[in-house]
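Colleague: This is the structure I have questions about; it appears just below.
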Amino acid sequence: MTDALTPSAVPVWVIESAQPGGCGPAHALAGRLGCSFRRLTDASSVENDSVQPGLVLTAGFTAGLAGLSLGRKLKVPVVHCSSSRSVALLGSRLFDEVIFSGWHVPEARNSRVFPVLGPLSVVSPALYERAERLWRERLEHLPRPRVSVRLEAGWSDSVADAMLAARQIELSIKLFGGSVLVTIGEGVPAAFANAFSEGLGSCVKLIWRHGEPDDNPGLGFTACADAVIVYGTRVSALIEAAASVLPLFLGHVPGRFGGYSSLVRVLLGRGDARIFDSDFSPWPRNTLDETGRAAGFIRHRFGL
């Protein structure tokens with residue numbers, strides 16, 4: 001991957017409007033296609049005699065317009081990624097394909113609209129396999145069963161809720177043995193995080209907080225665990241956890257409104273997640289890898 005616009009036979013070009021962290025849905029999808037790709041920062045500088053890609057991926061309004069212009073100029077197909085139903089329906093008339101990220105069970109595919117459940121993500125079962133190999137030796141001293149906990153913002157600000165949730169985990173660990181691997185995400189209040197950590201009591205545990213100098217170990221923690229529990233309403237954390245093969249538990253009952261709650265209800269309805277009730281026992285569940293499913297469709301559709 002490179003930002004430089006030098007002639008080369010790169011099969012996929014990616015154009016995205018500004019994305020937090022620099023990685024949006026088009027980038028996530030491109031990374032799952034199994035081929036090299038180039039991120040363009042200035043599509044207007046591409047000449048007609050440039051070495052053409054086989055496909056252009058776009059995300060965002062401005063990027064979508066730039067992609068359409070580039071597609072017409074180079075006569076190559078353009079695929080747009082969107083989380084808006086109205087944009088997806090309109091885009092189906094303009095783009096060669098639209099990947100529509102929704103919050104409900106994907107409907108039957110309409111002409112030029114490929115629906116997926118939830119936002120596209122770079123995290124996949126294969127990425128967890130690589131993370132497990134990298135983290136295996138670092139965590140081998142921790143007793144099993146290991147429970148990976150993703151503590152994210154948006155669930156509660158009550159210190160009492162944090163303490164109660166942590167003590168429920170502590171009681172389970174005392175009953176079944178094992179250890180806890182906690183990743184505390186961005187935006188979790190310090191008092192809430194402190195109460196949760198304190199509530200784990202004498203559990204064998206590792207705790208990482210957002211802002212610490214080390215890289216986020218969340219993938220490694222989950223890859224080497226035997227179950228994962230998600231607290232909070234950060235959609236990307238839920239999507240990442242659901243991509244693992246582990247039993248997936250939710251630390252709280254979902255609300256009635258919002259994309260996160262809709263996604264949770266789908267997973268619960270499918271039997272692919274359960275509300276945590278002090279038991280870490282596994283059950284047959286499907287991993288959620290909608291980005292991989294979309295990538296397989298795009299590879300077949302455009303011969304990549």
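The values are calculated or read from the model by the stated rules, or taken from the named source; none is laboratory data. In this text the structure is predicted, and so the values were computed from the model without any measurement. Every residue, glycine among them, receives a Cβ derived from its backbone with ideal geometry; neighbour counts consider all protein chains shown.
Colleague: If only one of 132, 137 is within 19 Å of residue 208 (Cα to Cα), over 25 Å from the mean Cα position of the chain (by Cα) and either part of a helix (DSSP H, G or I) or modelled with pLDDT of 95 or more (or both), which one is it?
Modeller: Working: 132 fails: over 25 Å from the mean Cα position of the chain (by Cα).
The match here is 137.
Colleague: Give the residues of region 173-191 that are surrounded by fewer than 21 Cβ atoms within 10 Å (Cβ to Cβ) and over 20 Å from residue 217 (Cα atoms), sorted by residue number.
Modeller: 174, 175, 176, 177, 191
Colleague: Across region 240-291, what is the total count of residues that are farther than 22 Å from residue 122 by Cα and charged (D, E, K, R)?
Modeller: Total meeting the criteria: 6.
Colleague: Of everything in region 61-111 that's more than 15 Å from residue 29 (Cα to Cα), among the charged types (D, E, K, R) and under 24 Å from the mean Cα position of the chain (by Cα), which residue is modelled with the lowest pLDDT?
Modeller: Among residues in region 61-111 that are more than 15 Å from residue 29 (Cα to Cα), among the charged types (D, E, K, R) and under 24 Å from the mean Cα position of the chain (by Cα), the one modelled with the lowest pLDDT is 109.
Colleague: Considering region 212-227 alone, what residues qualify as being in contact (Cβ under 8 Å) with a residue 12 or more places away in the chain and either crowded, with 18+ Cβ neighbours inside 10 Å or over 19 Å from residue 276 (Cα atoms) (or both)?
Modeller: Our first condition is that a residue be in contact (Cβ under 8 Å) with a residue 12 or more places away in the chain; within region 212-227, this holds for 216-227.
216, 217, 218, 219, 220, 221, 222, 223, 224, 225, 227, listed by residue number.
Colleague: Can we say residue 239 is buried (at least 20 other Cβ atoms within 10 Å of the Cβ), in a helix (DSSP H, G or I) and either touching a Ser or Thr at 6+ places or on another chain (Cβ under 8 Å) or at pLDDT below 95 (or both)? Before you say what the answer is, go through the steps one by one.
Modeller: Values: buried (at least 20 other Cβ atoms within 10 Å of the Cβ): yes; in a helix (DSSP H, G or I): yes; either touching a Ser or Thr at 6+ places or on another chain (Cβ under 8 Å) or at pLDDT below 95 (or both): yes.
Criteria met by residue 239.
Colleague: While we're here: Does residue 158 meet the test of being outside the structural domain of residue 254 (by TED's automatic domain parsing) and without any contact (Cβ under 8 Å) to a residue 40 or more places away in the chain? Don't jump to the end; show me each part of the working.
Modeller: On the way: outside the structural domain of residue 254 (by TED's automatic domain parsing): no; without any contact (Cβ under 8 Å) to a residue 40 or more places away in the chain: yes.
When the stated conditions are applied, residue 158 does not pass them.
Colleague: Can residue 26 be described as out of contact with any Lys or Arg (no Cβ under 6 Å at 6 or more places or on another chain), in a helix (DSSP H, G or I) and either of a type in the set (A, V, I, L, M, F, W, C) or modelled with pLDDT of 95 or more (or both)?
Modeller: Numbers: out of contact with any Lys or Arg (no Cβ under 6 Å at 6 or more places or on another chain): yes; in a helix (DSSP H, G or I): yes; either of a type in the set (A, V, I, L, M, F, W, C) or modelled with pLDDT of 95 or more (or both): yes.
In short, yes.
Colleague: Considering 101, 69, which residue is in contact with a strand residue (DSSP E or B) (Cβ under 7 Å, 6 or more places away or on another chain), outside any loop (DSSP other than H, G, I, E, B) and small (Gly, Ala, Ser)?
Modeller: On the way: 69 fails: in contact with a strand residue (DSSP E or B) (Cβ under 7 Å, 6 or more places away or on another chain).
Answer to the check: 101.
Colleague: Look at residue 173 and say whether it is aliphatic (A, V, I, L, M) and touching a strand residue (DSSP E or B) at 6+ places or on another chain (Cβ under 6 Å). Don't jump to the end; show me each part of the working.
Modeller: On the way: aliphatic (A, V, I, L, M): yes; touching a strand residue (DSSP E or B) at 6+ places or on another chain (Cβ under 6 Å): no.
No; evaluated as a whole, the condition is false for this residue.
Colleague: Does residue 225 satisfy the criteria of being assigned to a loop (DSSP other than H, G, I, E, B), modelled with pLDDT of 95 or more and among the small types (Gly, Ala, Ser)?
Modeller: Details: assigned to a loop (DSSP other than H, G, I, E, B): yes; modelled with pLDDT of 95 or more: yes; among the small types (Gly, Ala, Ser): yes.
Yes, satisfied.
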